[in-house]
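Single-structure report; data block below.
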Amino acid sequence: MITAGSAANPLATQSEPAATAGHPSRDIRYWWVNHRQVHRQELEGELLWSPKSTHAGVHDESSNNMMKVMPGDVVFSFANAAIRAVGLALGQARETPNPFESRAARKQPGAAQGWQIPVRFAELAHPLDPRDHLAELVPMLPAKRSPIRASGDVNRRIYLALVPRKMAESLRRLLGPEAHDLIEKIAHGANGQLPDDAEEAAIHQRTDIVPAQKVDLIRARHGQGAYRRNLELVEAACRVTGLLDRRHLRARHMKPWCKCNDAEKLDGCNGLLLSPHLDHLFGRGYISFADSGDLLVSRHLNPAVLEKWGLRLPLNAGAFGPQQCRYLDYHRRNVFESHIGGRRKPHEIDIAAVEDTDPQAPPVTVYGE
């Protein structure tokens, strides 16, 4: 499993991480949704919706589960007797009227209110029919409120169910690399914000810190508050441009915010004050720095960017202190030459070697793109 904020693929099999001081780990969870008549609308609308209560006014398990879904959780999408898509939760549930009713119906007194979760789906070219794997899956089904019955047929009383870990592992294996790749594609299409969103949601749910501490940690995500003040005690200007006007400098963590424990999130040695264009390059792994201050440039950066932004090599920004070097080492190893948190795979093509200036990826149905 992966912790909140990890850039790793959510469908990759990993051991459970140990919690570190000030950074309780949160496993990514797996959910099973039994789509109803609005299956297609939910996929295309990038959402799940469930009423807050039944007609009798009772809150059922599916409604309770809607409130438990966190950004980065994986959803197995079941419709027409098979898992036909996988999805990635992009946010937490919020209260809304039924999005599939007419506008007039939603305004009527007593109109159903429910929970809506933003989920981006990708359809599988090879759906998985549980009835073909009953011998493996049935022993892993939840004892209560299972999304499917022992026959493999849908349990129509369940809309959203938590998938036990062993069952999730089996489903990942049965779905194969296609589901793995689709989830990765969705995660990368979220503009790199999903790991931070997941970490922020986890902070909101913590009970081991007071609200003021939560505010400090979350403001640090945006380079503000206590973190910014601490950073300005260490760095006074953009090391590359020399700009001193703090109104036009952005505070950027060296070790990404979502990867830090509480102390690291607020540590002034874990960051740089950068002009906006350099903040962009540093955050996305196109540049980094040696401990000596030498500017490092990714082989994937278009040389025209260096030319147009006046970055002439070699360039030395001044040596860094010992505490800063620890964080810089993390940046060089895990962010530098990465694509929004995801390192290039060995089989990916180097941009410089491609003659076509607008290469097209293989077609795949990923909603929201």
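Return yes or no: is Val234 under 24 Å from Phe336 (Cα atoms), among the β-branched types (Val, Ile, Thr) and open to solvent by 50 Å² or more (accessible area, probe 1.4 Å)? Judged against the criteria, Val234 is a match.
So in the range 268-296, with the set limited to residues that are open to solvent by 40 Å² or more (accessible area, probe 1.4 Å) and of a type outside the set (Ser, Thr, Tyr), which one is modelled with the lowest pLDDT? Let's see the steps before the verdict.
The first filter runs over the range 268-296 and keeps only residues open to solvent by 40 Å² or more (accessible area, probe 1.4 Å), leaving 276-277, 280, 284, 286, 291-292, 294, 296.
Now restrict to residues that are of a type outside the set (Ser, Thr, Tyr): 276-277, 280, 284, 291, 294, 296.
Values: Pro276: 97, His277: 96, His280: 94, Arg284: 91, Asp291: 97, Asp294: 97, Leu296: 96.
Of everything passing the filter in the range 268-296, Arg284 is modelled with the lowest pLDDT.
In the range 266-273, is there at least one residue being closer than 24 Å to Asn334 by Cα, touching an Asp or Glu at 6+ places or on another chain (Cβ under 8 Å) and among the charged types (D, E, K, R)? Taking every residue of the range 266-273 in turn, none turns out to be closer than 24 Å to Asn334 by Cα, touching an Asp or Glu at 6+ places or on another chain (Cβ under 8 Å) and among the charged types (D, E, K, R).
Within the range 315-327, no residue that is open to solvent by 20 Å² or more (accessible area, probe 1.4 Å) sits with its Cβ atom under 7 Å from a residue that is at pLDDT below 95 and charged (D, E, K, R) at 6+ positions apart or across chains. Tell me which residues, restricted to the range 124-140, are within 25 Å of Gln37 (Cβ to Cβ) and in contact with a helix residue (DSSP H, G or I) (Cβ under 7 Å, 6 or more places away or on another chain). Those that are within 25 Å of Gln37 (Cβ to Cβ) and in contact with a helix residue (DSSP H, G or I) (Cβ under 7 Å, 6 or more places away or on another chain): Leu124, Ala125, His126, Leu128, Pro130.
Somewhere in the range 218-234, is a residue in contact with a Ser or Thr (Cβ under 9 Å, 6 or more places away or on another chain), modelled with pLDDT of 95 or more and within 22 Å of Arg326 (Cβ to Cβ)?
The answer is no, given that none of the residues of the range 218-234 is in contact with a Ser or Thr (Cβ under 9 Å, 6 or more places away or on another chain), modelled with pLDDT of 95 or more and within 22 Å of Arg326 (Cβ to Cβ).
Checked against (1) touching a strand residue (DSSP E or B) at 6+ places or on another chain (Cβ under 9 Å); (2) farther than 22 Å from Asp197 by Cα; (3) buried (at least 16 other Cβ atoms within 10 Å of the Cβ); (4) at pLDDT 95 or above, Leu301 meets all criteria but (4).
The values are calculated or read from the model by the stated rules, or taken from the named source; none is laboratory data. Predicted model only: the values in this text are computed from it and were never measured. When we count neighbours, we look across all protein chains shown, and the Cβ atoms used for this are built from the backbone with ideal geometry, even at glycine. The area values use the complete protein model at the heavy-atom level, side chains included, leaving out ligands, DNA and RNA. Shrake-Rupley method; radii C 1.70, N 1.55, O 1.52, S 1.80 Å.
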